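Just below is one structure, and these are the notes that go with it.
The values are calculated or read from the model by the stated rules, or taken from the named source; none is laboratory data. This structure is a prediction, so every number in the text was calculated from the model and none was measured. As a convention, Cβ positions derive from the backbone with ideal geometry for all residues, glycine included, and neighbour counts pool all protein chains shown.
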Amino acid sequence: MKKLILIQVFLLSLCIQVYSKEWIRINQLGYMPHLKKIAVVLKDDSDTFQDCYLVDAFTNKKVYSFNKIQATGPMGNMKQTFRIDFSEFNKEGSFYIQTEKGTSPIFPINNEVYKGTADQLLIYMRQQRCGYNPLVQDSCHTHDGYIIYHPTKNGQYINVKGGWHDAGDYLQYTTTSANAIYQMMFAYSANPTAFKDNYGDNGVQEPNGIPDIIDEIKWGLDWLNKMNPNPGELYNQIADDRDHIAMSLPNNDTINYGYGKGLGRPVYFCSGEKQIRGQFENATQGVASTAGKFASCFALGSQILAPFYPDFATEIGRKAEAAYQEGINKPGVCQTASVRSPYIYEEINWVDDMELGAIELYKRTNNTKFLNQAIEFGRQEPITPWMGADSAKHYQWYPFMNMGHYWLAKHKDNKVSNEFIRNMKSGIQRTYEKAQTNPFLNGIPHIWCSNNLTVAMLTQCHLYRELSGDTTYEEMEASLRDWLFGCNPWGSSMLVEVPLYGIYPQHPHSPFIIYTSQNTTGGLVDGPVYTNIFNNLRGVHLKDGEDYKYFQPKDIVFHDDFQDYSTNEPTMDGTASFAYYLSAMEREGQEKNKYVNSDKNQYIDGGIVRTDPSKKNIALVFTSDQYIDGYKQIIQTLKKHNIKSSFFFTGNFVEKYPQIVKDISSEGHYIGTHGDKHLLYCSWENRDSLLLKKEEFHQDIINGCKKLIEINIKPSPLFIPSYEYYNKHISSWTKQLGMQIVNFTPHSFSNADYTTPDMNNYKNSKKIYESIIQLEKRDNLNGAILLVHFGTHPDRIDKFYSQYLNKLIEYLHRNNYNITPVEESIL
């Protein structure tokens, strides 16, 4: 039902847009104030383009008139396209773009638009886990596997359980898994403060004191370690395309490879020789492309995991050099294999893998032999060949970005550094030149997995800019970033459910769509392909229709359709590769907001329910829609203890008691909205069931804030939902307005002070007080948010604020808690 509602809203928006004649494509996630901000306007008529403004979503007032508008020619059904640049506008808030015939979605401008996005990628990585899968709460492929292509061990069992499924199928490749591991390690090493701890090492939602990305890295390295059981013994692949018989959940995969139904799959040894591909053979020449990936992952992993798993880190560290040496012994590429279909990873380059392996070994050992070899390998492929090309075979040049070049560009020897900075620049320049004729400044070849190439170029642009200080390609970087979040011909994010309030793939090619109520949340889909590629694919019959038919640029296509495995299938390696850029954006936002520590707030469905649990801070918050009987006693009690707090009032309350609100504000307390009309946003019976549309919700919040502004009070950026009840969609819709939900800490029970004796859930004030004390003694109250109602129904004679609020504050002070406004605790 939830998906049906979203689809209906989306289709309705399309119908409205078809008559508008102008469509405005934006980064739906939002924009950071100091970075480039570009939108693209599409017009299907030849009328003059005029009257383009940025409008404040809360006041509906024009705040900026666009004066940097670039005509970029026709595209598909669009007779005109325009790039509009509003980078010089750096005010924080929530806005939309208005033209004569079109209106963009609302989007925020602030330093936190990328907050939490890198962690969202890990949701998909956990969904792809092989072995114990936390999404299905069951284990799969527990009998893997049986060795093939080994000169002496054919048919022997080898324990290679674990790792990740590659995409919508259940095949596993060292090629993509190793790159995913490395990219996540690089992201964590560069931006550790962007990653939280909400999950355990088994993928279950329970913190274990270790950042979630480290849990995922360890999961991957455990598997990679099994795929290299002995020095020089490397394995490249588990299963093959014979697995493509039908869609099922991973724990129900019963393919029979000849070992018994569901009892193990083939494990391909890196023989360095060609391996069967149906009636064909792959083009394997050696082992180096795989060996280099093992070496770089083990060398860097031994450093990343040392603080968390020292024994394991030592174990894989010892294997790094042996894996690298196998690449020296058997140079050349090691391709994957298939049996029935023509689709494999057709990687033909390998010096980049050996370059990265060598530089990571140099960083680990300080042995200049590895440095010199890294430079030698790097000079053999100065530019990753797809950059600036019109086309390429599937994964022909992989990984899509050469991380070895980055590390050599950082080397202290200026000659070496300058050489590899030039190499990085040359790849970017070639792509930049190709992008000049594209309205979205996108010069990526639209081959299979074009979004993975987009992420690679985005990463290279960002790293180059940081290394060199050269901002020449800053606009292209912004355009590639925005492309992935909706500033593209289709207006769709390419990251599933990011942002949740935007348009994103509803029908990705994944069994989870068929057999569960879950989407592939956090997964990066393949992305658009050339129309001729799509037309020549096997077995594609669009099922869900072409919602984007009118917007297809003709030469490329993208479909939000389960059947389209070429554009709408999430990939594990592409998703993992996005971790660096998103975490870098979050780190940049932290620095701009002048806080560098990781976000330690605790969340439920996107709402903050506890601030940093390592600090003895407690926030008292108060809400009200109509009752004011606690006013004098609450304010007197807070003044007595010199406490500043946060009050959240509905628009109803502000209209009825404006002077009370102004008096509370004048006392130095924060004032925020509790909505306008105290609406119930989601069903009591089913929290996931929404009771209003996004536009109605936005209007309720905007109206609530407007009423505060009308009495000269600037609303808090925090928001407590009506009835203190919400779901992840309400949190997301709130974020679209540049605001953040906060709510009471579970099991604190202070919020039960509204109950009356006739209710089944009635709690008297003594019971509430005792529950808080018990929670403090059992778990402590560090970071707790305690919610008290500003007034309660007359039938409740037993008032918590009059009998126990003062007593509670005295108890907290005796136990050395600092009572601070929730706004200050969060920051």
> Inside region 709-749, can you point out the residues that are part of a loop (DSSP other than H, G, I, E, B), more than 20 Å from Val498 (Cα to Cα) and aromatic (Phe, Trp, Tyr)?
Replying inline: Tyr725, Phe744, Phe749
>> Return the residues of region 624-636 that are under 13 Å from Ile664 (Cα atoms) and either β-branched (Val, Ile, Thr) or part of a loop (DSSP other than H, G, I, E, B) (or both); say none if nothing qualifies.
In response: Ile628, Gly630, Ile634, Ile635
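Per-residue answers, yes or no, for (1) on the phi > 0 side of the Ramachandran plot; (2) surrounded by fewer than 24 Cβ atoms within 10 Å (Cβ to Cβ); (3) not β-branched (Val, Ile, Thr):
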{"site": "Asp413", "(1), (2), (3)": "no, yes, yes"}
{"site": "Lys425", "(1), (2), (3)": "no, yes, yes"}
{"site": "Leu453", "(1), (2), (3)": "no, no, yes"}
{"site": "Cys461", "(1), (2), (3)": "no, no, yes"}
{"site": "Ser468", "(1), (2), (3)": "no, yes, yes"}
{"site": "Thr472", "(1), (2), (3)": "no, yes, no"}
{"site": "Glu475", "(1), (2), (3)": "no, yes, yes"}
> Considering only helices (runs of 4 or more DSSP H) fully contained in region 767-827, which possess at least 1 residues that are among the small types (Gly, Ala, Ser) and over 20 Å from Ile720 (Cα atoms)?
Replying inline: 800-803
>> I need the full set of residues from region 198-220 which are of a type in the set (Asp, Glu) and in a helix (DSSP H, G or I), in order please.
In response: Asp212, Asp215, Glu216
> Cβ-Cβ below 9 Å, separation at least six or inter-chain, first residue in region 608-623 and among the aromatic types (Phe, Trp, Tyr), second assigned to a loop (DSSP other than H, G, I, E, B): which pairs?
Replying inline: Phe622/Gly630; Phe622/Ser645; Phe622/His669; Phe622/Phe790
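Criterion first (β-branched (Val, Ile, Thr), in the same structural domain as Ile556 (by TED's automatic domain parsing), within 31 Å of the chain's Cα centre (by Cα) and closer than 18 Å to Cys449 by Cβ) does Ile344 satisfy it?
yes
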> So which residues in region 129-145 are touching a residue at least 24 places away in the same chain (Cβ under 8 Å) and not in a strand (DSSP E or B), if there are any at all?
Replying inline: Cys130, Pro134, Leu135, Val136, His141, His143, Asp144, Gly145
> Identify, please: which residue in region 304-322 is surrounded by 14 or more Cβ atoms within 10 Å (Cβ to Cβ) and without any contact (Cβ under 8 Å) to a residue 40 or more places away in the chain and is, among those, nearest to Ala291 (Cα to Cα)?
Replying inline: Ala313
> Which of the following residues is crowded, with 21+ Cβ neighbours inside 10 Å and within 20 Å of Ile148 (Cα to Cα): Gln285, Gln275, Gln279?
Replying inline: Gln275
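Would you check which residues across region 394-416 are part of a helix (DSSP H, G or I) and in contact (Cβ under 8 Å) with a residue 24 or more places away in the chain and list them?
Taking region 394-416 first, the residues part of a helix (DSSP H, G or I) are 403-409, 414-416.
Correct list: Met403, Gly404, His405, Tyr406, Trp407, Leu408, Ala409, Val416.
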> Restricting region 318-374 to residues that are small (Gly, Ala, Ser) and assigned to a loop (DSSP other than H, G, I, E, B), which is farthest from Gly574 (Cα to Cα)?
Replying inline: Gly332
>> Please go through region 429-452 and give me each residue that is closer than 25 Å to Pro74 by Cα and part of a helix (DSSP H, G or I), ordered by number.
In response: Gln429, Arg430, Thr431, Tyr432, Glu433, Lys434, Ala435, Ser450, Asn451
> If you check Asp85 against the conditions, is it outside the structural domain of Thr472 (by TED's automatic domain parsing) and at positive phi?
Replying inline: no
>> Of the conditions (1) surrounded by fewer than 24 Cβ atoms within 10 Å (Cβ to Cβ); (2) in contact with a strand residue (DSSP E or B) (Cβ under 8 Å, 6 or more places away or on another chain); (3) under 17 Å from Thr567 (Cα atoms), Trp490 satisfies every one except a single condition; which number is it?
In response: (2)
> Applying the selection to region 69-110, what residues are part of a loop (DSSP other than H, G, I, E, B) and over 31 Å from the mean Cα position of the chain (by Cα)?
Replying inline: Gly73, Pro74, Asn77, Lys79, Glu100, Lys101
>> So Thr673 ticks every box in (1) more than 23 Å from Thr792 (Cβ to Cβ); (2) of a type in the set (Ser, Thr, Tyr); (3) within 31 Å of the chain's Cα centre (by Cα) but one. Which box is left unticked?
In response: (1)
> How do the helices (runs of 4 or more DSSP H) wholly within region 505-582 filter down when requiring 2 or more residues that are surrounded by fewer than 24 Cβ atoms within 10 Å (Cβ to Cβ) and modelled with pLDDT under 95: which remain?
Replying inline: 511-515, 531-535
> Across region 661-701, which residue is surrounded by the fewest Cβ atoms within 10 Å (Cβ to Cβ) among those that are in a helix (DSSP H, G or I) and in contact with a helix residue (DSSP H, G or I) (Cβ under 6 Å, 6 or more places away or on another chain)?
Replying inline: Lys694
> So which residues in region 260-289 are in contact with a Gly (Cβ under 8 Å, 6 or more places away or on another chain) and under 25 Å from Gly131 (Cβ atoms)?
Replying inline: Gly264, Arg265, Pro266, Val267
> Taking only pairs six or more apart or across chains, which ones have beta-carbon atoms under 8 Å, a first residue in region 574-590 that is in the same structural domain as Thr176 (by TED's automatic domain parsing), and a second residue that is among the acidic types (Asp, Glu) and surrounded by 24 or more Cβ atoms within 10 Å (Cβ to Cβ)?
Replying inline: Gly574/Asp526
> Among Ile123, Ile148, Ile97, which is over 30 Å from Gly162 (Cα atoms) and not small (Gly, Ala, Ser)?
Replying inline: Ile97
>> Looking at region 231-255 only, could you name the residues that are in contact with a Lys or Arg (Cβ under 9 Å, 6 or more places away or on another chain) and either more than 20 Å from Tyr173 (Cβ to Cβ) or not in a loop (DSSP other than H, G, I, E, B) (or both)?
In response: Pro231, Glu233, Tyr235, Ile238, Asp241, Arg242, Asp243, Pro250, Thr254
> What is the number of the single condition among (1) in a helix (DSSP H, G or I); (2) closer than 28 Å to Asn727 by Cα; (3) not aliphatic (A, V, I, L, M) that Glu588 does not meet?
Replying inline: (2)
> In region 256-294, what count of residues is obtained for those that are among the aliphatic types (A, V, I, L, M) and in a loop (DSSP other than H, G, I, E, B)?
Replying inline: 3
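Could you identify the single residue in Ser689, Ser732, Ser665 that is closer than 19 Å to Ala57 by Cβ and of a type in the set (Gly, Ala, Ser)?
Ser732
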> Can you name the residue in region 132-181 that is small (Gly, Ala, Ser) and crowded, with 20+ Cβ neighbours inside 10 Å and, of all such residues, is nearest to Cys449 (Cα to Cα)?
Replying inline: Ala167
